[in-house]
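Inspection log for the structure reproduced underneath, given as structure tokens.
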């Protein structure tokens, strides 16, 4: 089977990208820490991923494949890095209940403090809709951002709270820089430019 083309997402792709990420992260440890209630998870996760999309779409650094069935949200080195989560870059914070906002901000602060101080491309979110899993699309959209990091001569950084993803990333050439025990065990990983 031929792999579809990788595209740079535009505002027109927002609904497809957000829908993919909400479905892809339904059992992710950090998303379930942030939004533990099954009833409100879809709404809060859609707000969360929509905010991340809106803050990145103008940077031409959101890669999609299969009509948004797999997506990687990247931040270039010159942009603020905030753990792939709502960052203080001039936008208003999403409207969450106070407890949810406190969890989002607490996780963001913990990861932000653990990120390197040198320039890097940041893979804030990588997700594939469950209906499209196993096709290699996630790896393909990840490679698009890694190519930009390599072209800039800087490493790529990501964070994951899913232990199963650590092995996948290690096989893809990432290495663990450090781990955070709280609020959810999280691995900060790096891939040198290639």
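The table for this structure:
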{"quantity": "Computed [θ] at 222 nm, helices only, for the chain once each DSSP H run of length n ≥ 4 contributes -39500 (n - 2.57)", "calculated": "-12000 deg cm²/dmol"}
{"quantity": "Sequence of 60, 161, 70 once ranked by neighbouring C-beta atoms within 10 Å, starting from the fewest", "calculated": "60, 161, 70"}
{"quantity": "Pairwise centroid distance, computed over Cα atoms, of segment 150-172 with segment 1-76, Å", "calculated": "18"}
{"quantity": "All-pairs Cα distance distribution in the chain, expressed in whole percent, bin size 5 Å", "calculated": "1, 8, 17, 22, 23, 18, 8, 2, 0, 0"}
{"quantity": "Whether segment 106-194 is rounded, prolate or oblate, judged on the alpha carbon gyration tensor where a/c under 1.5 counts as rounded", "calculated": "oblate"}
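We did not get these values from a lab; they are worked out from the coordinates using the rules stated. As the structure is a prediction and not an experimental result, all values here were calculated from the model. FYI the Cβ positions are ideal-geometry reconstructions off the backbone, even for glycines, and counts take in every protein chain you see.
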